[in-house]
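Report on the structure given below.
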Amino acid sequence: MIEEIREQFRNYFHTEPIMFSSPGRVNLIGEHTDYNNGFVLPASINKYIHFAVAPNINGEYRFYSYDLKEEYRTPLHELDPGNVQWANYLLGVIKQFVKDGRQVPGFDCMFGGNVPLGAGMSSSASIECGLAYAINHIFEFDYLPLDLIKFSQKAEHEYAGVQCGIMDQFAVMQGKKDHVIMLDCRSLEFRYFPLKMREYVLVLVNTGVKHSLASSEYNKRRQECDMGVSILKKYDDSINSL
């Protein structure tokens, strides 16, 4: 698919792109524990969102969703979230660079891949991290992976309306082949552990039931956890998370 996207980009934008790939992720241990500052054990997977990106001189950001066959464009100074949900993830990432004092020149971006949407494999984090990495590379900014992870998480908070923890973006950005990541979501310290299944097989089943964190009970669960912390703090002020 990556070559198909490259060729489609050439035909659509009439320039040569730089290609990037951003994986999806699965989580083996730790549900709703990342935003409670707990431990998680995610791993990136061999399904990807591929990006074709190139600077332009048009004074605008031009996005094209290869899978949806939809275009979105906006002037450089208009980065407010709009009614096109998939574009909001991209706009949110650009906004984080701007808020940090960077000028992000115009560019063209086409993306698509085989990370299932709404299947719990973090397609949104894959999109956010992929674009953050591409911007950092193409415009020769000097951000570290953790900076890009936090930019991507903030994009999810501010532009997608999901008060997610940091696990998804961390797993996408820091994934390593044949390894899982043990991540302490409080300190952000992490370790890789090898996971070679050998004679065993880990089966992931796509039920076909799509979900959207922004319209689900996810944010409500986080609010309930925060409420629990506020109650416990009345008895022990050192408690900051469940």
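The values are calculated or read from the model by the stated rules, or taken from the named source; none is laboratory data. Nothing here was measured: the structure is a model prediction, and the numbers come from that model. We place every Cβ from the backbone using ideal geometry, glycine too, and count neighbours over all the protein chains shown.
Side notes on the structure shown:
- Elements of type helices (runs of 4 or more DSSP H) contained in the range 116-183, each with 3 or more residues being in contact (Cβ under 8 Å) with a residue 24 or more places away in the chain and within 17 Å of GLY30 (Cα to Cα): 167-174
- Scanning the range 89-140 for residues that are aromatic (Phe, Trp, Tyr), over 17 Å from SER65 (Cα atoms) and surrounded by 19 or more Cβ atoms within 10 Å (Cβ to Cβ) turns up PHE97, TYR133.
- Scanning the range 74-88 for residues that are surrounded by fewer than 19 Cβ atoms within 10 Å (Cβ to Cβ) and among the small types (Gly, Ala, Ser) returns a single hit, GLY82.
- Members of the range 55-71 found to be surrounded by fewer than 17 Cβ atoms within 10 Å (Cβ to Cβ) and either in a strand (DSSP E or B) or of a type in the set (S, T, N, Q) (or both), listed by number: PRO55, ASN56, ASN58, GLU60, GLU70, GLU71
- Considering the range 20-44, and only residues there that are hydroxyl-bearing (Ser, Thr, Tyr) and crowded, with 18+ Cβ neighbours inside 10 Å, the residue that is farthest from ALA54 (Cα to Cα) turns out to be THR33.
- Qualifying positions in the range 72-85 - touching a Phe, Trp or Tyr at 6+ places or on another chain (Cβ under 6 Å), free of Cβ contacts under 8 Å to residues at least 40 places away in the same chain and either at positive phi or not in a strand (DSSP E or B) (or both): VAL84
- Subset of the range 1-19 (residues that are of a type in the set (Lys, Arg) and surrounded by 18 or more Cβ atoms within 10 Å (Cβ to Cβ)): none
- Some residue of the range 212-226 being modelled with pLDDT under 90, assigned to a helix (DSSP H, G or I), among the aliphatic types (A, V, I, L, M) and surrounded by 10 or more Cβ atoms within 10 Å (Cβ to Cβ): yes
- Test: residue in the range 88-95 that is part of a helix (DSSP H, G or I) and among the aromatic types (Phe, Trp, Tyr): yes
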